[in-house]
Every structure is written in C-alpha cells, then in structure tokens.
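What follows is a single structure, written as structure tokens, with notes after it.
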Amino acid sequence: MADAVLELEGLTKRYPKLVALDGVSLRIEAGEIFALLGPNGAGKTTLIGAVCGLVKPTSGLIRLFGAAETGSTVAARYQLGLVPQEINFDPFFTVRECLRIQQGYYGRQPDEARIDEVLGALKLAEKADAPTRALSGGMKRRLLVAKALVHRPRLVFLDEPTAGVDVELRRDLWQYVRKLRAEGTTIVLTTHYLEEAEELADRVGVIDHGKLLLVEPKAALLSRLGERRLTVRLSSALAELPEGARLEGAVLEDGGTRVVYRERRGEKSSAEVLGALYAAKLPIAEVETASSSLEEVMMRVLREGGAAR
Amino acid sequence: MNTIGVRTLLVKEVRRFMRVPGQTVLSPLISTSLYFLVFGYTLGGRQAEVDGVPYVAYIVPGLVFLGLANNAFLNSSSSLFITKIQGTIVDLLAAPLGATELLVGFIAGAMTRGLLVGLLTWLVALVFTGVQLAHPALTFGFLFLTAWVFSVLGLLAGLWADKFEQINFFPTFLMLPLTFLGGVFYSVHRLPEPFRTASLFNPVVYMVEGLRAGMLDKSDVSPLLGLSLLLGLAVSATATAWVLLARGYKIRN
Ligand SMILES: Nc1ncnc2c1ncn2[C@@H]1O[C@H](COP(=O)(O)OP(=O)(O)OP(=O)(O)O)[C@@H](O)[C@H]1O
Ligand SMILES: [Mg+2]
C-alpha cells in the first residue's frame, strides 16, 4: 500500500450549537484522487479547514506526510495547496501579481515559467495582467485553483473547484487534475457535481452531519451499491407476466407495457433474465440497460445512513 | 522562519499603500501645512516661544509624531481588517506563515508607512522652520519605537474589529485624547497639577518629548527613561499580538 500523506484520527470540531465533525478517521494515500461527498453542511469544508489551519479542531489528530508531530504545523503547509470554497480576491493586484505573491508566501522565489504554465492550464493566460476584480466569477474560481497549484504542492484540497465554471472549462480542469495526479500530486476534492466525482475519483468518502458514513474505492462502491437496470418495452400490454418470465425482481410496469428488472450484485444477471423473457415469447419491442450513477448510490447511502457500510 | 514569505508580505503591504498616494503623501503635506498656519502663525505663534524655542519649531516633533503614529496605526489596522473582510486572510492562514511571520510582515509594512509619512512631515516642516536635528540617532530611536508601538496597536485593533466602525473606536476614544493631552502643541510641564502628574502615565508624552529631545535638544522628561518605557511597551504589545495570532483569535474558527 502507498504511504499516507494525510491521516486523521477521531477528528472532531464542536461549535457551540452543533458538531461539525464527529470523530472522523481517514487516511489519504499518496497519489490518489479522493472525493469527499456529502450534502450542504455535512462538514466537508470544516474537515479541509482543520487540515489547512483555518479551523481549530476540538480534538483528534491530524498527521501530514507521515510526520511524527500532529496538527497542521507551519512546516507541513509548504506542501499543501487549498482552493477555498468561498471566492476571495485582492482587488489591488493583477492575476500574475497574485500568483507571484502566492509563490512568495510559500517561500519560493518568483518563477514566471511556472506561473505561465498554471495560467495556461487554467485558460487564464489572456487575463494575466488584468486586475482580479475584472475577472468573471468562473475566472475568479480558476484563479483560486491557479493560486493553490502555483507552488507545486504535494497535497491539494479542492473545495468545490468547479462551482460556476462552464462545462467546457470544467472538462479541461478535470483533465488537468488527472495530469496532476499522474505527476504524483494527491488530491482531495469536494463537489456537488457527482458526475465530477464519478469522473475523477479513485476513492470516495461520504460524510453527513460530521460523520464519515463510508470510505470506499469508487468502482467497488458503484458495483456494491449500484444496480444495473434492464428495461424491456413490449409492443402490446400484458395483464401479468407469463409463467416462465415470473422471475425474482422482474416487475411489470406502465400498464403492462414494460418489464423492469433491477439487478443487484450476486443476483441473476440481466442477460439471463432477458433470455428468460425471450424464451417466454414476450412481444419484445425494445431493450435498454443502464447502470446507476454515483448520484443514485450517494442518495442511497445518505438515505440509509451508516447502514450501507 | 519563512523569510521569503515575510518579505513578500512586507512588499505587498508597501505596494498597497503606495497605490493610494493621496493618503500617504498628499494628506501629510496638507495637514502639516494647515497645522503650521493655524497653530504656528494665526494664533500669534510667530512671536511666541516655549522654553526659548520659537513656537513653530516647538510643534514640529509633535506634528511628525501625529503623521507617523496615525499612519502606522491606520496601515496595520485597515490592512488586517480588509484582509479579514475580503477573505484573503485564508491565503495567509493556509500558507506556511506562523504568528511570527505574520507579525513581522504586518508590523514592518505599517512601520514603513509611518516612518515615511513622519519623514515627509518633517520635510514639509523644514520649509517653515529650517533644519533642526540635534541628535539624529536619538530622534530615530524615538521614531522607530513610536512606529513600532502604533503598528502593533493597529494590528490588535484590526484583529479585534468585526465591523468597520470599530476600527475607529481606538483612534477616536484613545489615541485622540492621549495625543492632544500628550504635549503635541504645548509643554506638559506647564499643565497645572494633577494633570501634570497624570500626563506622566500617557505614553504619548514620552514619544513627543523624546522626539523633542532628539530634534531640538529640549525635553521635559528624561529621554533614557522614555526609550526604556517605550521599548517595554512595544515588546509587551508585540508579545500580546503574537499570542493572539498564534491562537488564531478572531481569524481561525
Ligand atoms: N464558524 C462557524 N460557527 C458555527 N457553525 C459553523 C461555523 N462554520 C461552519 N459551521 C457549521 O458547521 C457545519 C459544517 O459546515 P461545512 O462548511 O463544513 O459544511 P460543508 O459540508 O462544506 O457544506 P457545503 O456543501 O454547503 O459547503 C454546518 O452546519 C455549518 O453551519
Ligand atoms: Mg463546504
């Protein structure tokens, strides 16, 4: 197993009126893309803030890069990058100046080549000398991403990096995130676009009310909790399914014009069911199969809470 | 120590105030000239003397103090406050900048502005009074300590304030009275008791009298006592600010 770049043990953050993080334990492996998912107010930003030094944890341990010491020490932050959820910008400076300042904060000499590279990757090259207040909302978000990456961090937190970013640029950003991973950068991502997590993540963590409900490789999660749905459209309506087609899990819907079979792992496969329907000589007009998305799986996890573990 | 980080913060602070030259350059020019007109000339100050020094010359150290103290305070308080409001404080907190780095960066930036405005004020005063600088090193010592104290006070105010008007509490309710009771425009020696003794508890008196000792070689209080008291004040205020920054007072949830 790869080394952990981040380990949390029993991380808890209590506000006077609520518990934002409730005993979260988690390992982030070097070089992975980890998607932290959960509804509004689940505790995602709080978790990231605790690691990056924006939030003071009530209790628990944070260990970065296998260091013996705990807590977000100043030294570890040289290697961290953060795209905060809230857009912030200093209207006094241009895009390029902001990135130079950011390099300086991280103890680096100005590196214009790196700045140009990041600006290019985020499609901000044209705006390099524009004052930050003259950027559109999506451009400001991309500037936040550029700022988080310009000092070549080993571990990057992207807190909703594509909120308000248009479809095309979002895909560009995904590609860039994959490139970062290929270069060895570890990425922790939060997003409400589950398509984004499905596209990018190696592993998924679901958090709700400050509790981590599950952590699992994305592919395993989809196959464990996801289902394959077989829909067979009939050319004429049936009152009920004939003898040979009465299979566990297959139901007649839509006034008898459709047979739907939901395949769960370890059950009869859709192909077998379809074979049985043909054998029963049903008037089949059209066949359709679909797999559930991460979105459907997420809904199920949240509905069932910790029970889906 | 992240020295590049501190330098970056300092340069950023300097560039920020250099972008508002109206505030940093023009306003000391105007206010100093006005003070000279009002206090130096129209109030009959042309003939008046204090302890053998012409009144226009006598108020120069106080005017330098005013420009320096106000600008040092204004720079760190407004800069930190704006950083909190803009949300760019996140950049500072997430970066490898500890309490020491933040403290040095903000204080050095504010002191630079304070000392710059103090210097400009003095240059304007030269036009009215000619050069008067008896002890350059002593003068600089007091300028430095005054700038340091007010930069830290500004930092504390900026940390504490949640609303913009709160930034002004401190200048209005503390600095303004202490300044006007601090002998900027008169000799505290001439105050009747008990005000004369009371003024010995006003740190501004030591700053103004210290500058007077340095520039005019005239002072109502011992410069050495002044230097030690101000150094003690600067160090304890800085230590307080360090502890608050390290704990993330009002900047970290
Ligand atoms: N400074 C604060 N004081 C009190 N409660 C807070 C504070 N900051 C956050 N919270 C609460 O902590 C909980 C977790 O918030 P957090 O921002 O971590 O959620 P999130 O998962 O990032 O949500 P979203 O998807 O909306 O960004 C919320 O209930 C929020 O109201
Ligand atoms: Mg959030």
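Can you give the Rg/Rh ratio of the range A:67-174, where Rg is from the C-alpha atoms and Rh is the Kirkwood radius?
Taking Rg over the Kirkwood Rh, I get 0.97.
Ranked highest first by the average count of other Cβ atoms within 10 Å around their residues, in what order do B:166-177, B:199-210 fall? Mind dumping the intermediate values first?
Values: B:166-177: 15.0, B:199-210: 22.7.
Ranked from most to least packed, the peptides come out as B:199-210, B:166-177.
Give the share of C-alpha pairs in each 10 angstrom bin for the range A:153-307, from 0 to the last occupied bin, in whole percents, shortest bins first.
Using 10 Å bins, I get a P(r) of 9, 30, 24, 20, 13, 4, 0 for the range A:153-307.
Just give the residues from the range A:72-86 buried by at least 30 square angstrom of accessible area in the all-chains context relative to the isolated chain, probe 1.4 Å, and say none if nothing qualifies.
Output list: A:V74, A:R77, A:Y78.
Just grab the label-to-label distance for A:S291 and A:I87, each label 7 Å out from Cα along the Cβ direction, in nm (one decimal).
A separation of 3.6 nm, rounded to one decimal place.
Mean shadow of the protein assembly as shown, computed from the convex hull of its alpha carbons, in nm²?
It is 33.9 nm².
Which Rg and Dmax, in Å, describe the Cα atoms of the range B:82-220?
Values for the range B:82-220 (Cα only, Rg and Dmax): 17.8, 54 Å.
Looking only at the protein assembly as shown, where both bridge partners belong to it, what percent of the DSSP beta bridges are antiparallel (to the nearest 5)?
On the way: 39 of 56 bridges.
Around 70 percent of the beta bridges assigned by DSSP in the protein assembly as shown are antiparallel ones.
222 nm [θ] for the protein assembly as shown, helices only, -39500 (n - 2.57) per DSSP H run of 4+, per residue, to 500?
-15000 deg cm²/dmol
Suppose every Lys and Arg Cβ carries +1 and every Asp and Glu Cβ carries -1, with no other charges. What dipole size does the protein assembly as shown come out with about its Cα centre, to the nearest 20 debye?
I would put it at about 700 debye.
Would you mind telling me the share, in percent, of accessible area of the range B:3-247 contributed by carbon and sulfur at probe 1.4 angstrom?
Solvent-exposed carbon and sulfur of the range B:3-247 make up 72 percent of the total.
Mind checking which lysines have their Cα closer than 26 Å to the Cα of B:K218? Skip sequence neighbours fewer than 8 apart in that chain.
Straight-distance partners of B:K218: none at all.
Quick one: ranking A:R203, A:R133 by accessible area, 1.4 Å probe, largest first, what do you get?
From most accessible down to least: A:R133, A:R203.
Over the whole of B:5-13, what's the average partner chain Cβ count within 10 Å per residue? Rounded to a whole number, please.
4
Which order do you get for A:L54, B:L231 if you rank them by accessible area with a 1.4 Å probe, largest at the top?
Sorted by accessible area, descending: B:L231, A:L54.
Tell me the label-point distance for the pair B:E165, A:D166, using the 7 Å Cα-to-Cβ offset, in nm and rounded to one decimal.
Between B:E165 and A:D166, the label points sit 4.4 nm apart.
Between A:D202 and A:A279, what FRET efficiency comes out of the Förster formula 1/(1 + (r/R0)^6) with R0 = 60 Å and r the beta carbon distance, rounded to 0.05?
With R0 = 60 Å, the Cβ-Cβ based efficiency is 0.90.
In debye to the nearest 20, how big a dipole does chain A give about its Cα centre with +1 on each Lys and Arg Cβ and -1 on each Asp and Glu Cβ? Don't skip to the answer; put the middle values down first.
Numbers: 43 positive and 43 negative charges, 145 e Å.
So the dipole magnitude of chain A works out to roughly 700 debye.
At 1.4 Å probe size, with every protein chain present, just tell me what the per residue accessible area of the range A:227-291 comes to in Å².
Details: 3930 Å² over 65 residues.
I get 60 Å² per residue for this part.
Nearest 10 degrees, 0 to 90: what angle lies between the long axis of helix A:270-279 and the longest principal axis of chain A (Cα atoms)?
Rounded to the nearest ten degrees, it is 20.
Taking a quarter of the surface of the convex hull around the Cα atoms of the range A:268-309, what do you get in nm²?
Averaged projected hull area, Cα only: 4.4 nm².
A drop of at least 50 square angstrom in accessible area, chain alone versus all protein chains together, probe 1.4 Å. Which residues of the range B:61-98 meet that?
B:Q86, B:V90, B:D91, B:A94, B:P96
Of all the accessible heavy-atom surface of the range A:6-163, with the other protein chains kept in place and a 1.4 Å probe, what percent is carbon and sulfur?
Here it works out to 52 percent.
With a 10 Å cut-off between alpha carbons and a GNM built on chain B, which of B:S76, B:S236, B:S219 moves the most?
So, out of B:S76, B:S236, B:S219, the one fluctuating most is B:S236.
Just for the Cα atoms in the range B:21-72, what are the lengths along the principal axes, largest first, rounded to whole Å?
Its Cα atoms span 36, 19, 10 Å along the three principal axes.
Tell me, what is the Rg over Rh of the range A:4-223, with Rh the Kirkwood radius over Cα pairs?
Checking Rg against Rh, the ratio lands at 0.96.
Calculate the all-directions average of the projected area of chain B's alpha-carbon convex hull, and give it in nm².
Averaging across all directions leaves 13.7 nm² for the Cα convex hull.
Assigning unit charges at the beta carbon (Lys, Arg +1; Asp, Glu -1) and nothing else, what dipole magnitude in debye, to the nearest 20, does chain B show about its Cα centre?
Working: 16 positive and 11 negative charges, 129 e Å.
In debye, rounded to 20, chain B gives about 620.
Among B:L176, B:P223, B:L244, flag the residue with its Cα farthest along the positive direction of the charge dipole of chain B, charges on Cβ as +1 for Lys/Arg and -1 for Asp/Glu.
Positive-end residue among those listed: B:L244.
With a 1.4 Å probe and every protein chain left in place, work out the accessible area per residue of the range B:3-247 in Å², rounded to a whole number.
In whole numbers, the range B:3-247 has 42 Å² accessible per residue.
Ranked highest first by the average count of other Cβ atoms within 10 Å around their residues, in what order do B:140-148, A:98-106 fall?
With the highest mean Cβ count within 10 Å placed first, the list reads A:98-106, B:140-148.
Once you average over the residues of A:88-98, how many Cβ atoms of partner chains fall within 10 Å of each Cβ? If you can, show how the numbers build up before the last one.
Working: counts 8, 4, 8, 3, 8, 5, 0, 0, 0, 2, 2.
Counting Cβ atoms of other protein chains within 10 Å of each residue's Cβ and averaging gives 4.
Please check: in the Gaussian network model of chain A (C-alpha springs, under 10 Å), which one of A:A163, A:A76, A:A290 has the largest mean-square fluctuation.
Result for chain A, Cα springs under 10 Å: A:A290 fluctuates most.
I want the antiparallel fraction of DSSP beta bridges within the range A:4-223, as a percent rounded to 5.
In the range A:4-223, DSSP labels about 55 percent of beta bridges as antiparallel.
State the extension gain, in nm to one decimal, for the chain segment bounded by B:H189 and B:K250, taking 0.36 nm per residue of separation less the distance between their alpha-carbons.
Difference between extended and current length: 17.8 nm.
Leaving out same-chain residues fewer than 8 places away, which aspartates and glutamates sit with a Cα under 20 Å from that of A:K127?
Straight-distance partners of A:K127: A:D90, A:E97, A:D111, A:E112, A:D116, A:E117, A:D166, A:E168, A:D172.
Give me the inter-chain shielding for A:104-113: mean count of other chain Cβ atoms within 10 Å, whole number please.
Numbers: counts 11, 15, 8, 12, 3, 1, 2, 0, 0, 0.
Rounded to a whole number, the mean comes out at 5.
Please report the buried accessible area for the interface of B with A, total over both chains, probe 1.4 Å, in Å² to the nearest 100.
Details: alone 12050 and 15150 Å², together 24640 Å².
Approximately 2600 Å² gets buried when B meets A.
For the pairs A:K123/A:K179; B:K84/B:K163; A:K56/A:K211; A:K13/A:K147; A:K13/B:K163; A:K44/A:K218, note any where the Cα-Cα span goes beyond 21 Å.
Over 21 Å Cα-Cα: A:K13/A:K147; A:K13/B:K163.
Evaluated at 10 °C with a viscosity of 1.306 mPa s, what Stokes-Einstein diffusion coefficient in µm²/s does the range A:186-242 have when Rh comes from the Kirkwood expression over alpha-carbon pairs?
The Stokes-Einstein estimate is 109 µm²/s.
For B:K250, go through the aspartates and glutamates and keep the ones whose alpha-carbon is under 15 Å away, minus same-chain ones fewer than eight residues off.
Within reach: B:D162.
For the Cα atoms of chain B, what angle does the longest principal axis make with the long axis of helix B:60-86, in degrees from 0 to 90, nearest 10?
Rounded to the nearest ten degrees, it is 20.
Give me Rg over Rh for the range A:227-291, both radii from the alpha carbons and Rh done the Kirkwood way, two decimal places. Walk me through the numbers before you get to the answer.
Numbers: Rg = 10.7 Å, Rh = 11.6 Å.
Ratio of gyration radius to Kirkwood radius for the range A:227-291: 0.92.
Label-point separation (nm) for A:K123 and A:T73, each offset 7 Å from Cα along Cα-to-Cβ?
Label-label distance for A:K123 and A:T73, simple model: 4.2 nm.
The values are calculated or read from the model by the stated rules, or taken from the named source; none is laboratory data. Keep in mind it's a predicted model, so treat the numbers as computed, not measured. We place every Cβ from the backbone using ideal geometry, glycine too, and count neighbours over all the protein chains shown. Heavy atoms of the whole protein, side chains included, go into the accessibility calculation; ligands, DNA and RNA do not. Shrake-Rupley method; radii C 1.70, N 1.55, O 1.52, S 1.80 Å.
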